[in-house]
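Worksheet: one structure, shown below.
Each reported figure results from applying straightforward, stated rules to the coordinates on display, with no laboratory input. Everything numeric here is computed off the predicted structure, so don't read it as measured data. We place every Cβ from the backbone using ideal geometry, glycine too, and count neighbours over all the protein chains shown.
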Amino acid sequence: MASHFSQSLPIIDISAFLAPNSLKATRLECAKKLATACSTTGFFYLIGHGIPISTTDQIIGLARRFFLESSDEDKARIARCSPPQGDGARGYQKIGENVTKGLQDFHEAIDFYRELGDDGGKPPFELLKGVNLWPEYPKELKNTYMEYLDEVKRVATAVVLAMGTALGLEDEEFFVKHTRESFWVMRMIGYPGLNSLVSNVDDDLERFSCGEHTDYGCLTLLLADETPNALQVHPASSPEGTWITANPIPGAFVVNIGDMMERWTNGIWRSTRHRVIHKSDNYRVSVPFFFEPDWNATVEPLDECVRRCNNQRIGDAVVYGDHLVGKVRGNFY
């Protein structure tokens with residue numbers, strides 16, 4: 001039986017890397033805490049990001065209104081479609097359509113990605129190369145989310161800048177340079193309580209709101225409602241079967257590193273497994289933002305990190321776009 005317990009994740013104040021005139025000593029203190037968090041839990045709370053709670057509350061509220069108030073017809077109108085009618089990634093998924101490790105996840109979602117090229121918004125589309133499908137309701141959702149995207153990208157850029165400092169890279173802006181045209185992803189996710197779908201959740205260990213996984217890319221900034229005891233984290237340093245409950249903190253993002261950051265750091269920082277098991281009766285909403293490398297970025301272990309690992313290199317070079325296409329094809333098809 002897996003054990004679950006509540007343990008506070010590290011709290012990182014990123015404000016020093018957002019203020020252009022901040023003291024070097026303040027930045028170094030932040031970077032030191034960040035290095036510890038990334039090498040232990042791989043997850044942390046992010047504060048000092050400057051996005052008002054009124055904005056994040058609005059982002060969650062609009063998602064909740066879409067999931068709970070839109071008709072089935074409205075949702076079907078923006079359903080994900082396979083190429084050539086769609087790009088196979090953007091759009092709405094019904095409960096059970098997302099699959100993790102061969103099992104259906106009990107959530108519904110909309111996926112948005114950075115759009116590539118100028119295809120005029122008309123098919124034929126290729127996998128991951130299409131246009132975003134925005135809900136018509138609530139009518140203010142698209143504009144509000146587009147403004148939010150600018151804000152959260154600014155915060156993510158500050159975090160990866162801090163990561164370059166935390167690693168002591170000669171070029172502290174290395175990660176910034178390789179995410180200038182980040183192939184970002186943003187999801188709106190709605191989670192009905194598992195108790196409404198499964199007769200006895202505790203006896204059915206194969207049922208998950210979102211199954212155990214690591215994130216594909218660089219960095220994830222998770223915005224979630226106040227629902228406790230849903231997100232569970234398994235740090236690499238913890239015994240197998242031990243899960244930390246990562247409850248939300250008002251005004252903070254829950255942040256974790258992904259597979260590409262693990263590859264860049266040659267495994268010094270590990271991409272942490274996590275899952276969602278939402279047993280409460282309420283309808284949980286989250287909006288994760290995935291800050292990824294550029295589509296054409298080559299991701300390989302950094303020489304400075306390889307030297308810190310006794311010159312033992314872990315992993316080969318990958319082009320991020322190729323890596324993501326393989327992941328999406330394996331998950332959705």
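Numbers below:
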{"read-out": "Dipole moment magnitude, nearest 20 debye, the stretch 3-332 about Cα centre, only Lys, Arg, Asp, Glu C-beta charged", "value": "340"}
{"read-out": "Gain in span if fully extended, residue 147 to residue 68, counting 0.36 nm per residue against the direct Cα distance", "value": "26.1 nm"}
{"read-out": "Full-stretch length increase - residue 23, residue 77 - with 0.36 nm per residue and alpha-carbon distance subtracted", "value": "14.4 nm"}
{"read-out": "Residue-by-residue Karplus 3J(HN,Hα) for the stretch 270-283, coefficients 6.51, -1.76, 1.60, Hz, glycine and proline x", "value": "9, 6, 8, 5, 7, 7, 10, 10, 9, 9, 5, 7, 6, 9"}
{"read-out": "In Hz, Karplus ³J(HN,Hα) per residue of the stretch 286-300 (6.51, -1.76, 1.60; θ = phi - 60°; x = Gly, Pro)", "value": "9, 9, x, 10, 9, 9, 10, x, 4, 3, 9, 5, 8, 10, 8"}
{"read-out": "Order of 273, 307 under a 10 Å beta carbon neighbour criterion, fewest first", "value": "307, 273"}
{"read-out": "Residue order, fewest to most beta carbons within 10 Å, for 303, 150, 259", "value": "150, 303, 259"}
{"read-out": "Bins of 5 Å, starting at 0 and running to the largest distance - Cα pair percent for the stretch 33-79", "value": "5, 15, 15, 12, 12, 13, 12, 10, 6, 1"}
{"read-out": "Sequence of 318, 159 once ranked by neighbouring C-beta atoms within 10 Å, starting from the fewest", "value": "318, 159"}
{"read-out": "Rg/Rg_ref, the stretch 3-332, where Rg_ref = 2.2 N^0.38 Å and atoms are Cα", "value": "0.97"}
{"read-out": "Over the stretch 3-332, relative contact order from alpha-carbon pairs under 8 Å, at least 6 apart, %", "value": "22"}
